[in-house]
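Asker: Just passing along the structure, written as structure tokens.
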Amino acid sequence: MTREEWLRTHAFLEPVARLLARAEAAAARIDCPAVELPQWGDYADDYEAGFALLHSGDATIDLAPAGAMTLELLDALAASAPPDRVAADARDLRAELGREPGAAQRVADSLLGEGAGEIASPGLLRFLGWTAARRYLQPVLVEFARWRNQDRWQRSNCPVCGALPAMAQLIGVDPGRIRFLSCGCCHSRWRYRRTACPFCEGDSHRIQVLAVEGEGGLRIDHCEACRGYLKTYAGQGSEDVMLADWTSLHLDVLAQDRGLERKAASLYSLDE
């Protein structure tokens with residue numbers, strides 16, 4: 001399944017797809033500084049203790065360059081021609097963040113949930129910030145995936161950025177199915193217990209499945225105890241589409257119409 005094939009049957013997602021493509025194209029034109037890889041041995045104890053990589057003082061990954069890239073991305077979008085709402089919102093957010101030297105660090109801090117509520121457009125900043133940060137952090141994400149022991153994390157939050165999962169994936173067949181959780185921010189994936197709720201850690205008897213016909217293997221798993229839900233891809237081979245989060249925004253609407261709660265932050269709630 002490709003993005004184009006998905007959009008042919010989900011045309012209502014075209015505006016989101018265009019926005020994402022526009023942001024990614026602008027980000028690709030921005031110089032990306034080299035990120036310094038952490039000393040994995042120095043981080044090992046924090047990993048065992050459950051500290052996500054970007055929250056560990058021993059990993060010492062500097063996110064300020066990603067913040068600076070985000071500011072450049074805002075400048076690029078603000079200068080878009082012809083001007084439209086995206087350009088106007090980017091211009092307003094860039095003006096709010098200011099030109100002082102500390103602006104890049106302020107953006108970097110917001111990516112990890114620090115001070116984002118003080119910004120008038122936290123949704124737009126989160127979307128553009130992680131678009132830039134993923135590009136900057138790509139070498140770290142690749143090496144971290146090789147280094148970490150999946151069986152020794154088994155926590156509900158992302159091992160890279162600490163965010164709650166936006167998606168899940170089921171691989172294999174019962175009774176040996178494996179579940180991976182997927183981060184909507186940095187796009188990392190990690191193993192988690194097959195039947196537990198990742199939000200309240202409730203047992204399997206409280207987990208219900210809402211099947212969605214004709215959605216390429218996507219379904220909604222939700223917890224009766226905490227009302228949290230997780231969009232889940234039961235399959236393999238189309239991860240880039242099915243785990244992208246934006247490609248199943250209509251399932252968020254479906255879940256919330258049923259009184260369920262999205263626990264993970266969304267990069268596509270731009271009007272926050």
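The values are calculated or read from the model by the stated rules, or taken from the named source; none is laboratory data. Treat the numbers as computed from the prediction; the structure is a model and nothing was measured. All Cβ positions, even for glycine, are placed from backbone atoms using ideal geometry, and neighbour counts span all protein chains on display. Note: areas computed on protein heavy atoms with side chains; ligands, DNA, RNA excluded. Shrake-Rupley method; radii C 1.70, N 1.55, O 1.52, S 1.80 Å.
Asker: For residue 46 paired with residue 88, estimate the spin-label separation in nm (one decimal), with each label point 7 Å from Cα along the Cα-to-Cβ line.
Answerer: Result for the modelled spin labels: 4.2 nm.
Asker: For residue 11 and residue 155, what does the FRET efficiency come to when R0 = 51 Å and r is the distance between their Cβ atoms, rounded to the nearest 0.05?
Answerer: The pair residue 11/residue 155 has a calculated efficiency of 0.85.
Asker: A further question on this structure: Tell me, what does the Kirkwood hydrodynamic radius of the chain come to in angstroms if you use every pair of distinct C-alpha atoms?
Answerer: 19.6 Å
Asker: Roughly how big is the chain's charge dipole about its Cα centre, with Cβ charges of +1 (Lys, Arg) and -1 (Asp, Glu), in debye to the nearest 20?
Answerer: For this selection, approximately 620 debye.
Asker: From the residues 216, 171, 235, which one has its Cα farthest along the dipole of region 159-256 in the positive direction, the dipole being from +1 and -1 charges on Cβ of Lys/Arg and Asp/Glu about the Cα centre?
Answerer: 171
Asker: What full-extension length gain, to one decimal in nm, is calculated for residue 18 and residue 191 as 0.36 nm per residue of separation minus the Cα-Cα distance?
Answerer: Working it through step by step, the gained length comes to 59.1 nm.
Asker: Here's another thing I want to ask about it. May I ask you to rank 140, 35 by accessible area, largest first, using a 1.4 Å probe over the protein chains only?
Answerer: Most to least solvent-accessible, the answer reads 35, 140.
Asker: OK, next. Tell me which of 128, 184, 71 sits at the most positive position along the dipole axis of the chain, charges placed on C-beta atoms (Lys, Arg +1; Asp, Glu -1).
Answerer: Ranked along the dipole, the leading option is 184.
Asker: Taking 30 Å as R0, compute the FRET efficiency from the Cβ-Cβ separation of residue 81 and residue 142 and round it to 0.05.
Answerer: Result of the calculation: an efficiency of 0.25.
Asker: Once neighbouring chains are kept in place and the probe is 1.4 Å, which whole percent of the accessible area of region 141-270 is contributed by carbon and sulfur?
Answerer: For region 141-270, the apolar C and S fraction of the accessible surface comes to 45 percent.
Asker: Also, quick follow-up: Note the direction-averaged projected area, equal to a quarter of the hull surface, for the Cα convex hull of region 42-124, in nm².
Answerer: 6.1 nm²
Asker: Another question, then. Once the convex hull of the C-alpha atoms of region 115-272 is built, how many Å³ does it hold per residue, rounded to a whole number?
Answerer: That works out to 128 Å³ per residue.
Asker: Give me the Debye-computed log₁₀ of I(q)/I(0) at q = 0.17 Å⁻¹ for region 86-175, equal point scatterers on Cα only, no solvent, two decimals.
Answerer: Ignoring solvent entirely, the Cα scatterers give -0.87.
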